[in-house]
1. Just one of (1) more than 28 Å from the chain's Cα centre (by Cα); (2) under 25 Å from residue 159 (Cβ atoms) trips up residue 279, so point out which.
2. Being among the acidic types (Asp, Glu) and assigned to a loop (DSSP other than H, G, I, E, B) is the filter here; which residues of the range 182-208 pass it?
3. Say whether the condition of being outside the structural domain of residue 266 (by TED's automatic domain parsing), closer than 30 Å to residue 266 by Cα and over 23 Å from the mean Cα position of the chain (by Cα) is met by at least one residue in the range 137-144.
4. When the residues of the range 237-246 are filtered to those that are within 11 Å of residue 222 (Cα to Cα) and of a type outside the set (Lys, Arg), which remaining residue is surrounded by the most Cβ atoms within 10 Å (Cβ to Cβ)?
5. Only one residue in 172, 232, 247, 239 is under 30 Å from residue 269 (Cα atoms), aliphatic (A, V, I, L, M) and free of Cβ contacts under 8 Å to residues at least 12 places away in the same chain. Which one?
6. In the range 247-263, what residues are modelled with pLDDT of 90 or more and closer than 15 Å to residue 221 by Cα?
7. From the list 115, 139, which residue is at pLDDT below 80, surrounded by 10 or more Cβ atoms within 10 Å (Cβ to Cβ) and more than 22 Å from residue 195 (Cβ to Cβ)?
8. Here is a list of conditions, (1) without any contact (Cβ under 8 Å) to a residue 60 or more places away in the chain; (2) surrounded by 17 or more Cβ atoms within 10 Å (Cβ to Cβ), and residue 227 meets all of them except one; can you say which number that is?
Amino acid sequence: MRHEKGAKLLELARLLASSAEGLTLDEMAERLDVGRRTAERMRDAVWEMFPQMEAVDDPAAEMMDRQGAAGRAAALRSLEQKVLSATRASARRRLAPDLEALLQAETIAVTAGPRPFEEESVLAAVREGLKSLSTLRFRYEGGSTPGRLREVVPYGILFGRSNYLVAEEVGAGTGPRNWRLDRIVDVEVTGAPGAPPEHFSLQAYADESFGIYQDDTHDVLLRILPEGREDAVRWRFHARQKVEAQADGGTLVRFRASGMRELAWHLFTWGDKVEILEPDALKEMMAGELTAALRVHVRN
């Protein structure tokens, strides 16, 4: 047994030495036919023998890991390896010093907020349904009747503060709606035909909303006061926004979107630098949210 362990350590050292980019822990586990925890222990043992060995994290995948998006991080690392495998060794060697310098000089700040739930089995089933154009069946622990069995036609996935399946319930005739992935349980790919409409665009669907929430669509008109102009010209409120400078130094921003509650939450961060001109629904939403906050935080 000791000889077998020693042989595997030597094999890992040889594999690492033969790769200009190194190996991920998942690749080590796969090539040595061991579990991930064993691969970690073997990596540490090789590190003790060869202290000059370096560990380099992929910043994008690392960011996803830190946000709780383990499934997407794994998919990104897999894609990276496919790209590297398709690149000539001489080109990889030329790129390695530049990549290492960038990795050491750059990092990603993860903003505060909820950690998106990503259950790999749920994501895998959803992606299989999307690829095979099949309906999905699951229990949904949200909505007005939590726990009810649903069958839906999957349209796509939206990743954001929370992650959503965009899908239409079979037979409902309501069009696509957002289903929170963290409330989907016991999901299965049915094999029954289920494809989105031919001209459906997930990007266009996402662009209809400010953020994730989908509700009534409104024409929005905001006036950014002169003291907020510098921030406004560098900020994109919406993919199809129109920006108009005013003579007094202010800025008008126009776009059409749904999701007034999420927009109101965002506009609160602008303080007194923004004025809502249209629609009334957004003004009322902002006033209601401010009143609720004042009720809790202001004492008479």
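1. Status for residue 279: all satisfied but (2).
2. 198, 208
3. Going through the range 137-144, the residues outside the structural domain of residue 266 (by TED's automatic domain parsing) turn out to be 137-144.
Checking which are closer than 30 Å to residue 266 by Cα leaves us with 140-144.
From what is left, the residues that are over 23 Å from the mean Cα position of the chain (by Cα) are 144.
The answer is yes; a qualifying residue exists.
4. Let us first name the residues in the range 237-246 that are within 11 Å of residue 222 (Cα to Cα), namely 237, 241-244.
Checking the rest, the ones that are also of a type outside the set (Lys, Arg) come to 237, 241, 243-244.
On the way: 237: 20, 241: 15, 243: 16, 244: 11.
Among those residues, the one meeting the criterion is 237.
5. Details: 172 fails: under 30 Å from residue 269 (Cα atoms); 232 fails: free of Cβ contacts under 8 Å to residues at least 12 places away in the same chain; 239 fails: free of Cβ contacts under 8 Å to residues at least 12 places away in the same chain.
The unique qualifying residue is 247.
6. The answer is 250, 251, 252, 253, 254.
7. Values: 139 fails: at pLDDT below 80.
Answer to the selection: 115.
8. (2)
The values are calculated or read from the model by the stated rules, or taken from the named source; none is laboratory data. Computed from a prediction, not measured in an experiment: that's the story for all the values here. Every residue, glycine among them, receives a Cβ derived from its backbone with ideal geometry; neighbour counts consider all protein chains shown.
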